[in-house]
Amino acid sequence: MDLHVRPSSGAEFLAHTRLHHAIWGARLSLGQYLAREEILQATEFSRAGRRAWSLVSGEEGGGEALLASCESFEGPCLWTLGDGRVEEGLSHAIASVFVPDALRGKGLASSLMSGVQERLRALGAVASTLYSDVGAGLYERAGWRSHLGTVASLPVAPAIAGAVTPTPAEPLFDADLAAIETELCARRHDALGRATTPAFAELPTAARLRWHHARATFLCATLGHPAPRYLGARAGQSHCTWMHDPKSDALRTLTWQVEGPGEAVTLLDECRTEAARSGLERVVLWDLDPLSAQATGLEPTPRTDSLPMLHPFTPGLQGAQWLGANRFGWV
Ligand SMILES: CC(C)(COP(=O)(O)OP(=O)(O)OC[C@H]1O[C@@H](n2cnc3c(N)ncnc32)[C@H](O)[C@@H]1OP(=O)(O)O)[C@@H](O)C(=O)NCCC(=O)NCCS
């Protein structure tokens, strides 16, 4: 069978999106699911860097059959070989890897991923990331490698047993996201500049954070939750951003930059307050740093779903550390 990967047509991807609904559309009608995808595709982040890919068999114009599909989202990244020099480039996050029921188990997703990584290489990408819900094997065959991702979750109700004095916090709004982007990018730049081995980091741009907020705003309105008022909190030199995820009754942190134990306790408390205000049951934090874990008493455990996977394309980056990964990079 002649298989190849090419950009999807709009109609083609829509046909698969209608089928995705059964997998990723929990608590949404088909109409609501399609509306959400349309809203996400209209965001600045998607318009700037979303691509849809199809694995097809046969000749173009001569009865091609659509077999599998996925999306990729381009965003800025930094990388270093560990020699003190930090380079900028583009990385592509993979999402919505899909093969229709009747075609599964024949290696089609593996062929799709292998073709997509060639396409992304040809675009000059530094690397590609993804978060697997189906283990590592499928993606490893096409060159992605798994990294440790952790999760810590706490219910909204009980108080935090922090032994340190909390710092007053201020809420973050959409207008603050540009400053947050600048600070987080500078932090990553510094961290990569200090790295003595190859390292890679995606940049949490305001556009990328807004993509998550567009999703949250739609889900809150559709599922009858209060609209998010605040997009995060700042305490002294520390800050976090979050998204409301009413589908899983959770407030999820997107970025988390903490400079001291008291600030970690304050930010976590802000997350819990925001979750409670919005009728969400718990706060979920990915990739919590050791300082924050110690200050808050949280015990992050390795994630079994949303397994972080990285495929570096740039020579010398194989085996690179992945710095600053967090939920903002999930698509
Ligand atoms: C996951 C999916 C894309 C695989 O498509 P496929 O064409 O059957 O995949 P391949 O034949 O190339 O490879 C199958 C591999 O995926 C694994 N796999 C498929 N579904 C899985 C699941 N739900 N959990 C764990 N592994 C799964 C198989 O065990 C097999 O692994 P192995 O070859 O190491 O034994 C397809 O089942 C699908 O569309 N599922 C629904 C959407 C989804 O979950 N997408 C992935 C999001 S990360």
Taking H as built 1.01 Å from N, whose amide H comes closer than 5 Å to the amide H of Leu298, not counting residues under 5 places away? none
Relative contact order computed over the chain (Cα-Cα under 8 Å; 6+ residues apart), in percent: 22 percent
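Above 33 Å lies some portion of the pair distances; for the chain, what is it as a whole percent of all C-alpha pairs? Let's see the in-between values first.
Details: 14742 of 54615 pairs.
Result: 27 percent of Cα pairs exceed 33 Å.
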A correct Karplus calculation of ³J(HN,Hα) over segment 139-149, with 6.51 cos²θ - 1.76 cosθ + 1.60, θ = phi - 60°, whole Hz and x for Gly and Pro, returns 7, 4, 4, 9, x, 6, 10, 7, 10, 6, x
Report the extension gain between His4 and Arg119 in nm, rounded to one decimal, defined as 0.36 nm multiplied by the number of residues separating them, less their alpha carbon distance. 40.3 nm
Using θ = phi - 60° and the Karplus curve 6.51 cos²θ - 1.76 cosθ + 1.60, what whole-Hz ³J(HN,Hα) does each residue of segment 82-95 get, with Gly and Pro shown as x? x, 10, x, 9, 10, 10, 9, x, 10, 10, 10, 8, 8, 9
Glu259 to Asp289: extension gain in nm, 0.36 nm per residue of separation minus the Cα-Cα distance? 9.8 nm
Taking a ≥ b ≥ c as the square roots of the eigenvalues of the Cα gyration tensor, with a/c under 1.5 meaning rounded and otherwise prolate when a/b exceeds b/c and oblate if not, segment 1-86 is oblate
Residue by residue through segment 309-326, what is 3J(HN,Hα) from phi via Karplus (6.51 cos²θ - 1.76 cosθ + 1.60, θ = phi - 60°)? Round to whole Hz and write x for glycine and proline. 9, 10, 10, x, 9, 6, x, x, 8, 4, x, 5, 5, 10, 9, x, 5, 6
Compute a Gaussian network model of the chain, connecting alpha carbons closer than 10 Å, and tell me which residue from Ser72, Ser248, Ser153 fluctuates the most. Ser248
Rounded to two decimals, the Debye log10 I(q)/I(0) of segment 150-302 (Cα scatterers, no solvent) at q = 0.09, 0.15 Å⁻¹ is -0.27, -0.77
Rounded to the nearest 500, what is the 222 nm mean residue ellipticity of the chain from helices alone, with -39500 (n - 2.57) per DSSP H run of 4+ residues and division by all residues? -10500 deg cm²/dmol
Evaluate 2.2 N^0.38 Å with N set to the residue count of segment 100-218, then give the Cα radius of gyration divided by it. 1.46
In segment 109-128, which residues have a backbone nitrogen under 14 Å from the label point lying 7 Å from Asp83's Cα in the Cα-to-Cβ direction? none
Checked segment 238-315 against the a/c 1.5 cut and the a/b vs b/c comparison, axes a ≥ b ≥ c from its Cα gyration tensor; verdict oblate
Point-to-point label distance, His20-Glu183, nm (Cα→Cβ direction, 7 Å offset): 3.3 nm
Summing Lys, Arg as +1 and Asp, Glu as -1, what charge do residues with Cβ under 13 Å from the Cβ of Ala152 carry, Ala152 excluded? +2
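No lab work stands behind these numbers, since they all come straight from the coordinates. Fair warning: this is a prediction, and the values are worked out from it, not measured in the lab. When we count neighbours, we look across all protein chains shown, and the Cβ atoms used for this are built from the backbone with ideal geometry, even at glycine.
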